[in-house]
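One structure is given below, encoded as structure tokens.
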Amino acid sequence: MTLEILHIDRARPYPPRVTAFTQHFWDSVAQGRLETTVCDDCGRFSFPPKPFCPHCWCTRTHWAELSGRGQLYSQTLIHAAPATFRDEAPYRVGIVDLNEGLRIATRVLSETTPGLDVPVQIVVLLYTDGPLFAARLSE
Ligand SMILES: [Zn+2]
């Protein structure tokens, strides 16, 4: 599944630190795919992606694509933002339960207060210096 890519005409206010391990994740996001690691032994997903399994401590994992779809578990609107994000305030953040059973924290794109448990989908925010991702309400 390819995620929708929204182009943002500025640099990311707080770009993620990319490592040799996370480079694959960010390259995939930039191409419209949300990927994470799956344990070769117990088969469970983890997010953010890790070079080991946090469930059984196996060090054999592989990359797998996620649907990018889920439900909004919780959300809040940030008015008093840290200095780095002050220009973007107010902005919404939330917790999303992805269909694959992962619970992730992410920015939530919504002009109005969304109800809880509403269906959401992950979208790519492609800034001038690289990608981030966010959730928005499914159509
Ligand atoms: Zn495992």
Gap in Å between the Cα centre of the range 55-116 and the Cα centre of the range 1-26?
-> 14 Å
Computed ³J(HN,Hα) along the range 102-112: with the Karplus parameters 6.51/-1.76/1.60, θ = phi - 60°, integer Hz and x for glycine or proline, the list is 9, 10, 10, 9, 7, 5, 10, 8, 6, 6, 10
Computed lengthening from residue 137 to residue 55, 0.36 nm per intervening residue step minus Cα-Cα distance = 26.5 nm
Using Cα pairs closer than 8 Å and at least 6 residues apart in sequence, work out the relative contact order for the range 1-136, in percent.
-> 28 percent
Bin by bin, in steps of 5 Å, what percent of the Cα pairs in the range 5-137 do you find, going until the bin that has the longest distance?
-> 2, 10, 18, 20, 20, 16, 8, 4, 1
Residue by residue through the range 51-63, the couplings from Karplus 6.51 cos²θ - 1.76 cosθ + 1.60 with θ = phi - 60°, in Hz, x for Gly and Pro, are x, 8, 9, x, 8, 10, 6, 5, 9, 9, 9, 9, 7
Note: probe point = Cα of residue 2 + 7 Å toward Cβ; backbone nitrogen < 19 Å; residues of the range 116-139 passing the test are 121-127, 131-134, 139
Within the range 40-76, whose backbone N sits under 20 Å from a point 7 Å along Cα→Cβ of residue 105?
-> 46-51, 54-55, 70-76
Signed unit charges on C-beta, dipole axis of the chain, positive-most listed residue 133, 7, 55 | 55
Helix-derived mean residue ellipticity, 222 nm - over the chain, DSSP H n ≥ 4, -39500 (n - 2.57), to 500 | -1500 deg cm²/dmol
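With +1 on each Lys and Arg Cβ and -1 on each Asp and Glu Cβ, how big is the dipole of the chain about its Cα centre, in debye rounded to the nearest 20? Walk me through the numbers on the way to the answer.
Details: 13 positive and 15 negative charges, 68 e Å.
With only Lys, Arg, Asp and Glu charged at Cβ, the dipole is about 320 debye.
No lab work stands behind these numbers, since they all come straight from the coordinates. Remember, it's a predicted structure, so these values are computed and weren't measured experimentally. Don't worry about glycine lacking a Cβ; one is built from the backbone with ideal geometry, like all the others, and counts go over all protein chains shown.
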